[in-house]
Amino acid sequence: MATRALTTPNVLRWAREAAGYAPSSAARKVGVREDILLAAERGDHFLTLRQAELAAAAYGRSLALLMSPEPPAELSVDAKYRRLRGAPRPPWSPELIKLEREIRDQQDTTVDLWAALGESPPWHEAMRRLQLPRLPEATYLAHILGLEPYALRSSDPRNIWHSRRAVVRAAEWAGVLVIRCPVPDSGVRGFVLPHADVPAIYVNSAEDPRAQAFTVMHEFAHLLLDVADERRDDEERWCDEYAGTVLMPEPEFAESFGVGQGRSIESIAQDFGVTPGAAATRAAQLGLLGWSQARDILGRSFSGPTAKGGNGNQRKVARLSPTFTDLVLAAADSSAVTLATASRLLRTKVEDFAKLRAFADRELLDR
C-alpha cells in the first residue's frame, strides 16, 4: 500500500491557487484525476507521498510547506504587480508566478553570496557614480555604462547578439541581475524587480536579441525612476524614450540617418544594434521621419538571421544571470558554499557541475 502524505488541505489548495493553476491543470501535473485533487484539498482524501512531491514541485514549494498547519503570509499576484515596474497585468501564468518568486529568492541569495565572499553588492557604488537618486541624463548614463554607439555596433551585420551582450554586461556591471528566459504570457517583454541591494531585470528571451537589448535599457529606466521615487503617468513612453536616447544618441543617430541617399532603416538600425522598428521610432521622435512612415515600418517584418535558443548551459546561465552564476562559482572555489549547495543554486546535478563551470569560465571571462 502506498504511503500517504499528511498534507494540510487548505495549504494544498492555497499552494495551487498561489501558483496560478486551475484544478484540472494541477491534477495533470500531480498525475491524479481532478476530483481526487479537489478531495485532497477538502480533506476527504490524502495524496500518496509521490503525488504530494509532484504537487510541491509543480507549485514551486517544499513538501514540508504543504504539511504545515497554515499557509505562509505572502503577497497576492495583484499586490506583487503593484510593486513591480513594467510587469504585465494579472492574471499571470503559473510559469511567470514561479519565475517572479524564484527571482526574489535569488536576489536575497545574491546578497548572502556577496557577504560570504566578503564583498558588498556593486549596486550602491553604481548608484553613487550615476548620481542617484537624481535622475541621470541619458548621455551620462551611456558614458558611465560604456554604451557608446561603437560598443553596440558589430562589424558583422549578421551578429544580432552583440548589442544584447553589451547591454546585459553593462547592467550587470552596475549590480543588476539580468534574467532571461521565455514565458507564455502574451506581450511580456520584461519588467524590473526593485531591491535595496540587488535589483533585477527580467527579459523575455523569446524576443529578438536586439529587442532584448532595448528592453534591458527600458527596464533600467524603470529602475532609475524607482530609486528616484518618481512616478509618471506616461512612464512607459518615458522609459522608451530614455532607452532610445541611451542606445541611439541624437548626434550620432542624426549623422547615421543623414549619410547617403536612400539608406535603408535596417542599415541604420545595424549602426546601433537595435531593431528597425526601434530605429524608426527614434527617427520619428527626432523629427527625421514622419510618424506615419515610422508606423508603417513598425508594421513590417524584416528578414534576417534567426536567433537560436542556445545550448542547455547557455539557457541556464541566462535564466540565473551571469553575475549570479559567477558568484556561486566563486563561493564554491573559496569553500564559502559546498559543491552540493553550489549545484543546487545553479540548478544542475553535482555530476554536471564541472561542465557548467567549464562553460562559464569560457563565456563569463570577458563579462
>> Which pairs turn up if I take residues in segment 91-111 that are of a type in the set (Ser, Thr, Tyr) and look for partners that are assigned to a helix (DSSP H, G or I) with beta carbon separation below 7 Å, at least 6 apart in sequence or on another chain?
In response: Thr109/Leu345; Thr110/Phe324; Thr110/Leu327
>> Considering only residues that are touching a Lys or Arg at 6+ places or on another chain (Cβ under 7 Å) and of a type outside the set (Gly, Ala, Ser), which ones fall in segment 1-20?
In response: Pro9
> Pairs, please: C-beta under 7 Å, at least 6 apart or cross-chain, first residue within 16 Å of Trp92 (Cβ to Cβ) and in segment 5-18, second assigned to a helix (DSSP H, G or I) and of a type outside the set (Lys, Arg)?
Replying inline: Ala15/Tyr59; Ala15/Leu66; Arg16/Ala26; Arg16/Tyr59
> Quick one: which of Ser267, Ser205, Ser256 is out of contact with any helix residue (DSSP H, G or I) (no Cβ under 8 Å at 6 or more places or on another chain) and polar (S, T, N, Q)?
Replying inline: Ser267
>> Suppose we filter Ala307, Ala283 for residues that are under 28 Å from Gly146 (Cβ atoms), at pLDDT below 90 and of a type in the set (A, V, I, L, M); which single one remains?
In response: Ala307
> Restricted to segment 138-159, and to residues that are buried (at least 17 other Cβ atoms within 10 Å of the Cβ) and modelled with pLDDT of 90 or more, which residue is nearest to Ser267 (Cα to Cα)?
Replying inline: Leu147
> Any residue at all in segment 233-255 that is closer than 20 Å to Gly187 by Cα and β-branched (Val, Ile, Thr)?
Replying inline: no
> Within segment 310-328, how many residues are of a type in the set (A, V, I, L, M, F, W, C) and either modelled with pLDDT under 95 or surrounded by fewer than 20 Cβ atoms within 10 Å (Cβ to Cβ) (or both)?
Replying inline: 3
>> If I go through segment 112-154 residue by residue, how many of them are part of a helix (DSSP H, G or I), hydrophobic (A, V, I, L, M, F, W, C) and within 30 Å of Arg232 (Cα to Cα)?
In response: 9
> Somewhere in segment 172-194, is a residue within 30 Å of Pro251 (Cβ to Cβ), over 12 Å from the mean Cα position of the chain (by Cα) and of a type in the set (Gly, Ala, Ser)?
Replying inline: yes
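The values are calculated or read from the model by the stated rules, or taken from the named source; none is laboratory data. Because the structure is a prediction, the values reported are computed rather than measured. Cβ coordinates were reconstructed from backbone atoms using ideal geometry, including for glycine residues, and neighbour counts include every protein chain displayed.
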